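The values are calculated or read from the model by the stated rules, or taken from the named source; none is laboratory data. The structure displayed is predicted, hence computed values, not measured ones. Here the Cβ is made from the backbone with ideal geometry for all residues, glycine too, and neighbour counts use every protein chain on show. Protein only, heavy atoms only, side chains kept; ligands, DNA and RNA dropped before computing areas. Shrake-Rupley method; radii C 1.70, N 1.55, O 1.52, S 1.80 Å.
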Amino acid sequence: MSTDTHAPFDKKPESPRGNGELIRLEQVTKRFGNHTVLDHLDFSVDAGKHVTLIGPSGSGKTTILRLLMTLLKPDEGTITVDGEQLFPAPEKQVREVRKKIGMVFQQFNLFPNMTVLRNITEAPVTVLGMSKDAAEERARELLEMVGLTDHVDKHPAQLSGGQQQRVAIARALAMRPQVLLLDEVTSALDPELVAGVLDVLRDIARSTDITMLCVTHEMNFARDISDQVLMFDQGRIIEAGAPEKIFSEPEHDRTREFLSAVL
Ligand SMILES: Nc1ncnc2c1ncn2[C@@H]1O[C@H](COP(=O)(O)OP(=O)(O)OP(=O)(O)O)[C@@H](O)[C@H]1O
Ligand SMILES: [Mg+2]
């Protein structure tokens with residue numbers, strides 16, 4: 001891994017990707033009232049891999065990402081990130097493990113009262129204790145990477161949806177997470193803005209060693225970037241495999257039915 005603290009993100013190491021497990025869910029169950037949304041779910045993601053979750057609305061995809069962000073707690077099971085337990089775990093450990101994970105949401109969720117630059121520097125300064133200068137330098141590098149150098153001093157309301165989402169991506173990367181969670185990050189965008197955001201994500205997937213767990217309805221994008229696709233239905237993985245396999249020769253009727261509806 002790069003030791004250059006000025007690099008906008010950690011470059012891919014010389015060795016091939018995938019040196020060990022980074023995320024593991026074991027027997028994870030999540031209920032809302034008497035509705036079981038995830039039912040003894042097991043899966044793992046290796047470091048550096050790009051895994052895409054697909055499946056019908058309500059199948060539990062967002063719930064998985066929210067559990068990893070610790071916005072929700074499982075009712076049963078364990079979640080491990082980089083060998084350390086995220087659930088169950090004492091609060092202090094949760095805070096530490098949680099720093100390894102960044103998330104980009106469908107609705108951007110930028111701080112409306114802060115400039116673009118401050119949106120990106122805020123957490124590195126307050127959570128990681130970075131100096132303001134170092135955080136700003138890094139923020140500018142990230143803004144260059146997402147093509148927003150000219151918008152540093154604007155507020156979110158002065159940007160298009162696509163620009164706001166690219167700020168949100170830069171903001172997540174500013175924390176140098178090991179895992180980036182992406183939940184339908186282009187779904188709220190006007191069609192002509194989608195490609196720009198997907199290009200940024202393709203670039204990150206290609207040029208960094210960050211692990212990605214991605215929920216998307218953009219099947220061409222999923223096919224391009226994924227090492228593995230997991231098909232969910234009713235809180236269970238019904239089919240998993242390489243994108244060529246899932247998209248071209250799905251085994252389950254449910255997968256075929258879903259794909260014919262979204263492709
Ligand atoms: N806070 C909550 N309270 C009650 N039920 C919830 C809550 N959050 C999610 N659910 C329910 O859990 C199920 C799974 O929701 P989830 O958001 O994970 O689905 P999803 O696969 O992301 O769907 P979509 O593709 O529509 O985003 C749904 O039936 C949903 O109604
Ligand atoms: Mg969802």
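Counted as qualifying within segment 163-259 are the strands (runs of 3 or more DSSP E) with 2 or more residues that are within 20 Å of residue 119 (Cα to Cα) and either of a type in the set (S, T, N, Q) or touching a residue at least 24 places away in the same chain (Cβ under 8 Å) (or both), namely 179-183. The single condition among (1) of a type outside the set (Lys, Arg); (2) without any contact (Cβ under 8 Å) to a residue 12 or more places away in the chain; (3) open to solvent by 70 Å² or more (accessible area, probe 1.4 Å) that residue 111 does not meet is (2).
Would you be able to say whether some residue in segment 141-148 is open to solvent by less than 70 Å² (accessible area, probe 1.4 Å), of a type outside the set (Asp, Glu) and farther than 26 Å from residue 190 by Cα?
Of all residues in segment 141-148, those open to solvent by less than 70 Å² (accessible area, probe 1.4 Å) come to 141-143, 145-148.
Within this subset, residues satisfying the condition of being of a type outside the set (Asp, Glu) are 142-143, 145-148.
Cutting the leftovers down to farther than 26 Å from residue 190 by Cα gives us none.
No.
Please tell me if residue 143 is part of a helix (DSSP H, G or I), of a type outside the set (Gly, Ala, Ser) and in contact with a Leu (Cβ under 9 Å, 6 or more places away or on another chain). Spelling it out, residue 143 is indeed part of a helix (DSSP H, G or I), of a type outside the set (Gly, Ala, Ser) and in contact with a Leu (Cβ under 9 Å, 6 or more places away or on another chain). When the residues of segment 72-109 are filtered to those that are part of a strand (DSSP E or B) and acidic (Asp, Glu), the one that is farthest from residue 128 (Cα to Cα) is 76. Based on this model, can you work out whether residue 118 counts as open to solvent by 70 Å² or more (accessible area, probe 1.4 Å) and assigned by TED's automatic domain parsing to the domain that holds residue 153? Answer is yes for this residue.
The condition (being over 29 Å from residue 23 (Cβ atoms) and either modelled with pLDDT of 95 or more or more than 16 Å from ligand 1 (Cβ to nearest atom) (or both)) is satisfied by just one residue among 118, 98, 138: 118. Here residue 216 meets the list (1) more than 20 Å from residue 42 (Cα to Cα); (2) open to solvent by 30 Å² or more (accessible area, probe 1.4 Å); (3) assigned by TED's automatic domain parsing to the domain that holds residue 81 almost entirely, failing just condition (2). With the condition kept exactly as written, say whether any residue in segment 32-40 is at pLDDT 95 or above, within 16 Å of ligand 2 (Cβ to nearest atom) and farther than 15 Å from residue 237 by Cα. Yes, the conditions are met somewhere in segment 32-40. Among the criteria (1) touching a residue at least 12 places away in the same chain (Cβ under 8 Å); (2) farther than 24 Å from residue 128 by Cβ; (3) open to solvent by 20 Å² or more (accessible area, probe 1.4 Å), the one residue 159 does not fulfil is (3).
Only a single criterion out of (1) outside the structural domain of residue 153 (by TED's automatic domain parsing); (2) of a type in the set (Val, Ile, Thr); (3) out of contact with any strand residue (DSSP E or B) (no Cβ under 8 Å at 6 or more places or on another chain) is not satisfied by residue 63, namely (3).
Rundown of residues vs (1) open to solvent by 30 Å² or more (accessible area, probe 1.4 Å); (2) aliphatic (A, V, I, L, M), yes/no style:
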{"position": "165", "(1), (2)": "no, no"}
{"position": "180", "(1), (2)": "no, yes"}
{"position": "205", "(1), (2)": "no, yes"}
{"position": "230", "(1), (2)": "no, yes"}
{"position": "237", "(1), (2)": "yes, yes"}
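Total residues in segment 55-71 satisfying the condition of being outside any loop (DSSP other than H, G, I, E, B), within 11 Å of ligand 2 (Cβ to nearest atom) and open to solvent by less than 10 Å² (accessible area, probe 1.4 Å): the figure is 2. Considering only residues of segment 22-39 that are away from ligand 1 (no atom under 13 Å from the Cβ) and in contact (Cβ under 8 Å) with a residue 60 or more places away in the chain, which is farthest from residue 59 (Cα to Cα)? Once the filter is applied, the top-ranked residue is 22.
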